[in-house]
Amino acid sequence: MRKIISFLVLMLILVVFLVLAYIFYVNKEVQKLENQLYNLTKVYTPLKFKILDKKDGIFFLKIKYYDLDSNQIAEKDYKIKGNELAFDFYVFAHDEQNFAFPYAIFTDQIAPKDAILIVNDYNSEDFPQIFSFQQIDKKHFEFLSKKYNQLLRKNLTFGNDFGNSIHDIKELKQFEVGVVYKFIVHSKGGIEVLVD
C-alpha cells in the first residue's frame, strides 16, 4: 500500500511540475510575441491610398491595407463626395505603446458623425489584421481584439485613448490625383502622411 501511495504522490508531483513548466513556457512565448509586436509597431504603415480621380466634387479613392510584415492584406475602392479629404484614426494605449486603427473617412461635405467607416476593411475573424505578423498567435493579443471589437460595434471609449485625424486642406496642401500616399504610425501615437 505504501508503494502505491508513494507512486501516486510521485505522479502528482510530476504532473504539477509539468503543468508549471507548461505555464512558464506559454508565458515566456507570450512575452516573446509581445516584444515582437512592440518592436514591429515602433513605426508601421497600416494603409496606403491613391486618389484615382476627382471630378464634380467626388473623390474616387483606392485604399490598400498592410500587416506588420508589410504584406498587402486588403484593397477597397471608395467614391466619396467632397473637396477636402480626411482620414480618422482611433488610437489606444497599452503598456506605454500606442496602437492606431484606421477608423473612418470624411470630407468637407461629409461630417465626422456621418463618416464612411473603414474599420471593418481589415477584419480577420474579429482581429485587426493590420497588427498581424508572421509569428503571431492571435489568441495571445486579446487586448487588440477587445479594442477592435469595441470599434466594430462603434462603442468608442476614451480615457487614455484618443482620435487622430489627417486632413487634406484645400488652402494649404491637397492630396494629388494619381499619387500614392502612405500613413506612417509612430508608437508614441503620432501619425503622418508621406508620398510613397
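Kindly indicate whether Phe131 is open to solvent by less than 10 Å² (accessible area, probe 1.4 Å) and closer than 20 Å to Gly57 by Cβ.
no
Would you point out which residue out of Ile136, Ile63 is part of a loop (DSSP other than H, G, I, E, B) and either surrounded by 19 or more Cβ atoms within 10 Å (Cβ to Cβ) or of a type in the set (Gly, Ala, Ser) (or both)?
Ile136
In segment 98-132, which residues are out of contact with any Lys or Arg (no Cβ under 9 Å at 6 or more places or on another chain), under 20 Å from His186 (Cβ atoms) and not in a helix (DSSP H, G or I)?
Within segment 98-132, Ala100, Pro102, Tyr103 meet the criteria.
Tell me yes or no: at least one residue of segment 175-182 is surrounded by 13 or more Cβ atoms within 10 Å (Cβ to Cβ), within 12 Å of the chain's Cα centre (by Cα), under 22 Å from Asp69 (Cβ atoms) and not β-branched (Val, Ile, Thr).
no
Every residue in segment 40-60 that is open to solvent by 70 Å² or more (accessible area, probe 1.4 Å) and closer than 23 Å to Asn98 by Cα, please.
Across segment 40-60, the qualifying residues are Lys42, Val43.
So is Asp95 among the charged types (D, E, K, R), open to solvent by 10 Å² or more (accessible area, probe 1.4 Å) and under 10 Å from the mean Cα position of the chain (by Cα) or not?
Spelling it out, it is not the case that Asp95 is among the charged types (D, E, K, R), open to solvent by 10 Å² or more (accessible area, probe 1.4 Å) and under 10 Å from the mean Cα position of the chain (by Cα).
Please enumerate the residues belonging to segment 66-86 that are in a loop (DSSP other than H, G, I, E, B) and surrounded by fewer than 14 Cβ atoms within 10 Å (Cβ to Cβ).
Asp69, Ser70, Asn71
The values are calculated or read from the model by the stated rules, or taken from the named source; none is laboratory data. Since this is a predicted model, take the numbers as computed values, not measurements. FYI the Cβ positions are ideal-geometry reconstructions off the backbone, even for glycines, and counts take in every protein chain you see. Each accessible area value is taken on the protein alone, full model and side chains, heavy atoms only, with ligands, DNA and RNA left out. Shrake-Rupley method; radii C 1.70, N 1.55, O 1.52, S 1.80 Å.
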